[in-house]
Structures are given as C-alpha cells and as structure tokens.
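The values are calculated or read from the model by the stated rules, or taken from the named source; none is laboratory data. Predicted model only: the values in this text are computed from it and were never measured. Don't worry about glycine lacking a Cβ; one is built from the backbone with ideal geometry, like all the others, and counts go over all protein chains shown.
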Amino acid sequence: MNNPHTQTIQLDKIKSPSSVPWTVPPSASAKLPTPGLQLPVLATPHLIDAMQTASLSVLTGALKHPHCKVAVPGTISITHSAPVSVGARLTLTTEYKGRDGAGQSQSEGEGNETETETHKLQVTASDPLGVIATATFSHSIVCSVNLASHACLRLRQKDPARAAALEGIRQICNPATCDLCYPVRPDYAWRGLKIPHSPTARGLLHAVHHGPEQLVAAWLQAGTREALAPALDSALFAAVQANRDGVLKVLVAQGGADPVKWTGSTRHPTLLHLAADNGDESVATALLELGLDPNARDDEYYWTPLHHAVHAGHSLGTIRALLDGGADPNASEDESWTSLHFAVERGNIASIRLLVKRGASLSAENLKGDTPIMMAVRLGDKELVKTLLDCGSDPGLGYGRCSAFEWLRGAKVPGLDGAVRSLRP
C-alpha cells in the first residue's frame with residue numbers, strides 16, 4: 001500500500017557535490033593509552049563525526065516533511081589514509097549516491113519495523129596536498145515523533161514516571177498553523193473533532209499515519225486511553241488517508257475507535273467515501289467489514305462510494321470490493337448519473353465491462369436523457385461505443401436519430417454534442 005508520507009526526499013533539492021570547510025579542533029586529537037598524553041593528530045572517530053555531520057546536512061536540506069522527518073546515521077565505512085595535525089584546514093565534500101536499496105525495513109524501536117528510505121552518501125576529506133579520508137554513509141529518514149514516542153513508551157510499563165516521560169515528546173507548536181501535531185491535513189469542511197495539540201495525540205497520529213503498527217498498539221496500551229479519546233476521530237481519518245488498513249483494524253480492536261460513527265465532510269461524509277477516492281482496495285474492504293454502508297451518499301452531489309471510485313479512475317480492485325460489499329451499480333446522483341455513466345465519461349473500458357457484468361443498467365438515463373451509449377457518442381469515442389454494444393447495449397440513440405451502428409459508419413447524430421454535464425462542468 002502506498003503511503004505518500006514515506007516518500008521523504010526531494011531529489012531536486014539535494015546539493016551534490018556539496019563542500020564545507022572544517023578546521024581540526026584541539027579536542028579532535030588522538031589520545032594515547034598513557035594517561036595525560038595525546039598526539040596533536042586528528043583522531044579517526046572525530047573525523048567520522050565531522051564527515052557524518054556534513055553528509056546529514058545534505059539530506060536534511062532536501063526533506064519533504066521537515067516538521068517531523070530527520071536523517072539518522074546507519075552504517076559507516078571509512079578509509080583514513082593520511083594523518084593531519086590539529087589546526088589543519090580540511091574540505092569535506094559530500095556526494096549523493098542514491099537510494100541504498102528500495103524499501104528497506106528499518107527499526108524505529110524494538111519490534112517496531114516499518115519501511116524506511118535509506119540513502120547512500122560519500123564524503124571525501126581533503127587538504128591542499130590530497131585526500132585525507134573517504135567515507136561512505138547510509139542514512140535513514142525516520143519520523144522524529146515516532147522515535148521519541150517509542151523511547152518514552154518503552155518506559156511506560158507500570159512506571160510511575162510514565163507521565164513525565166510522555167511529556168518529553170512535547171514540542172512548542174502554534175495550533176493555528178501546526179504541521180507537527182497533525183501529519184496529514186483534513187479535507188475541506190471536515191466536521192470531525194478539533195485536532196488536539198498534545199504530546200499523546202501527536203504521538204498517536206504520527207504512528208497511525210506513518211509509523212509501525214506495533215507503535216500504534218503501544219500508544220493504545222499505554223494507559224493513556226482517556227487522553228487519546230479526543231484524537232481517535234483524527235486517527236481514523238489519518239489511517240484511511242494514508243491507506244493503512246492494518247492500523248485501522250488496530251484502532252478499532254484496541255482503541256475502541258468507531259468508523260461507523262465517524263462524521264466527515266460534505267464530500268466525504270464517511271470513511272468509505274474517502275477510501276474510495278483514494279482507491280485503496282484493502283482499506284475499502286476493511287471498512288465494509290466494519291459495517292460501513294456502501295450506498296451512503298455524500299452531501300455535495302449525492303455520490304456513493306462507488307461513484308467516487310469510478311470517477312477517480314482507480315483500479316478494478318477497489319470497484320470490485322465495493323460491489324462485493326453491496327454497492328448498488330445503478331444508484332444515481334444529483335444529475336442521475338449511475339456508476340456506468342462515470343465509467344463512460346472516464347473512458348475506462350475495464351470498469352464498463354465489470355459494472356455491466358455486475359448488473360449496471362445499459363439503459364439508465366441521466367438528467368440530459370443520455371444513456372451510457374448516448375454519452376459515448378456525445379464524447380465521440382468509437383471504442384466506448386463498440387464496447388457498450390459488445391456488452392449488449394441497445395444501439396438506439398433516441399427518437400428520430402440514427403443507430404449507434406450507423407454513427408460508427410459516419411452518420412451524423414443531431415443533438416448529441418456539447419458538454420456531458422447539465423449543471424456543472
């Protein structure tokens with residue numbers, strides 16, 4: 001399942017190669033086993049620290065979600081080939097080498113693995129005489145809130161200091177403009193509960209949106225259920241928006257969240273409308289199993305989730321899941337369009353065939369009086385017309401007009417031109 005928040009780096013903003021000067025400080029000198037003695041020569045661990053800082057800064061400047069994402073060091077390999085003295089001026093040059101594997105599993109805490117981006121960078125330290133060292137770093141991009149959450153929740157097992165530990169997650173925010181507390185913005189006119197700005201709600205929402213399921217469960221089991229209750233409405237929205245059916249089930253089973261009672265916007269009054277627009281089959285199936293009505297209508301154009309899914313042009317999986325869950329293929333909206341009219345408008349032949357197979361009417365008329373095949377002629381699409389005829393559509397295009405077969409051979413059809421919609425674009 002695709003969660004857009006996991007795409008963390010804006011490659012066009014990576015400055016590579018990138019060079020920074022560095023003067024070797026006295027504190028970076030090598031220490032000898034003899035107490036009190038040290039050489040005025042740069043120690044490799046201190047050089048690694050400087051090179052690592054340079055590499056991390058290149059990634060940090062290109063983060064897509066800097067309000068919560070941070071670059072953290074992973075594996076390191078270094079060749080330190082020449083000694084330099086304290087006070088020497090070096091140049092640290094970082095080159096971005098691309099993704100270090102695709103979708104590697106990185107841990108954000110014990111037993112909490114999630115798919116994380118890992119990036120490879122090479123840093124060269126040099127002075128006027130040549131290369132001093134070359135190092136390769138693999139850095140992971142992780143959520144700082146999820147890291148802090150896990151660190152605090154590890155201490156929460158019957159620990160009187162748990163509340164104090166949770167307060168460690170708190171960061172200063174402005175509720176009017178905060179991107180940190182709520183990792184995904186609600187759609188317009190959402191009538192859900194006001195987004196809470198608290199360390200517990202923030203931790204839960206980041207875990208729900210882009211953290212491991214185990215971390216979500218840890219929050220719900222942390223003895224903070226009362227504090228989290230106001231955030232469950234937002235958590236359901238975040239789970240569906242991020243296409244996370246597993247997390248959705250955890251919220252219901254362990255957190256007591258109720259997706260049926262969730263109240264949305266005029267366009268997405270139910271979570272199933274939102275899932276249908278997003279096109280995630282697994283989330284749609286999970287919501288249907290949890291009891292959401294597949295034929296509920298939105299308050300904007302009276303669209304059902306099936307209308308949203310077909311209009312959005314998603315894969316057949318989501319459409320099939322809705323039909324399997326009881327969606328009516330002949331439900332009509334404010335201009336009397338059925339899901340088949342939407343499929344014709346979108347030119348989606350696979351959806352047309354599936355809907356007809358599942359009972360969609362080939363003779364349903366919209367507000368203009370167009371059947372699906374008349375709409376296809378209005379659109380001037382011969383392939384759609386042929387598909388509908390192949391599905392069994394009546395070739396008639398209305399009183400006094402030629403048939404669809406004659407239209408395919410070049411005959412004119414008066415009155416079947418212009419916009420397909422009557423009331424809006």
Margin query: Is it the case, given these coordinates, that residue 247 is modelled with pLDDT of 90 or more and either in contact with a Leu (Cβ under 9 Å, 6 or more places away or on another chain) or surrounded by fewer than 19 Cβ atoms within 10 Å (Cβ to Cβ) (or both)?
Written below: no
Item checked: Every residue from segment 376-425 that is surrounded by 14 or more Cβ atoms within 10 Å (Cβ to Cβ), of a type in the set (Lys, Arg) and farther than 18 Å from residue 340 by Cα -> 401
Next item on the list: Of all residues in segment 116-174, count the ones that are at pLDDT below 90, of a type in the set (Asp, Glu) and not assigned by TED's automatic domain parsing to the domain that holds residue 216.
Entry: 1
Next item on the list: Might you check whether a residue that is small (Gly, Ala, Ser), at pLDDT below 95 and surrounded by fewer than 24 Cβ atoms within 10 Å (Cβ to Cβ) occurs anywhere in segment 286-308?
Entry: no
Notebook entry, point to check: Just wondering, is there one or more residues in segment 48-67 that are farther than 30 Å from residue 317 by Cβ, modelled with pLDDT of 85 or more and not in a helix (DSSP H, G or I)?
Noted result: no
Check: Would a scan of segment 287-310 turn up a residue that is among the hydrophobic types (A, V, I, L, M, F, W, C), within 22 Å of the chain's Cα centre (by Cα), over 25 Å from residue 421 (Cβ atoms) and in a helix (DSSP H, G or I)?
Finding: yes
Check: Between a first residue in segment 129-154 that is closer than 30 Å to residue 84 by Cα and a second residue that is surrounded by fewer than 23 Cβ atoms within 10 Å (Cβ to Cβ) and among the basic types (Lys, Arg), which pairs have beta carbons less than 7 Å apart while being 6 or more apart in sequence or on different chains?
Finding: 136/120; 138/120
Margin query: Go through segment 244-272 and report how many residues are aromatic (Phe, Trp, Tyr) and part of a helix (DSSP H, G or I).
Written below: 0
Next item on the list: Quick one: which helices (runs of 4 or more DSSP H) lie wholly within segment 361-425 and hold at least 2 residues that are farther than 26 Å from residue 331 by Cβ?
Entry: 382-390, 404-408
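Which of the following residues is within 17 Å of residue 28 (Cα to Cα) and surrounded by 14 or more Cβ atoms within 10 Å (Cβ to Cβ): 72, 84? Explain how you work it out, then say what you get.
Numbers: 72 fails: within 17 Å of residue 28 (Cα to Cα).
Criteria check complete, one pass: 84.
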Note to self: Please go through segment 11-22 and give me each residue that is loosely packed, with under 11 Cβ neighbours inside 10 Å and either touching a Cys at 6+ places or on another chain (Cβ under 7 Å) or not in a helix (DSSP H, G or I) (or both), ordered by number.
What the structure shows: 21
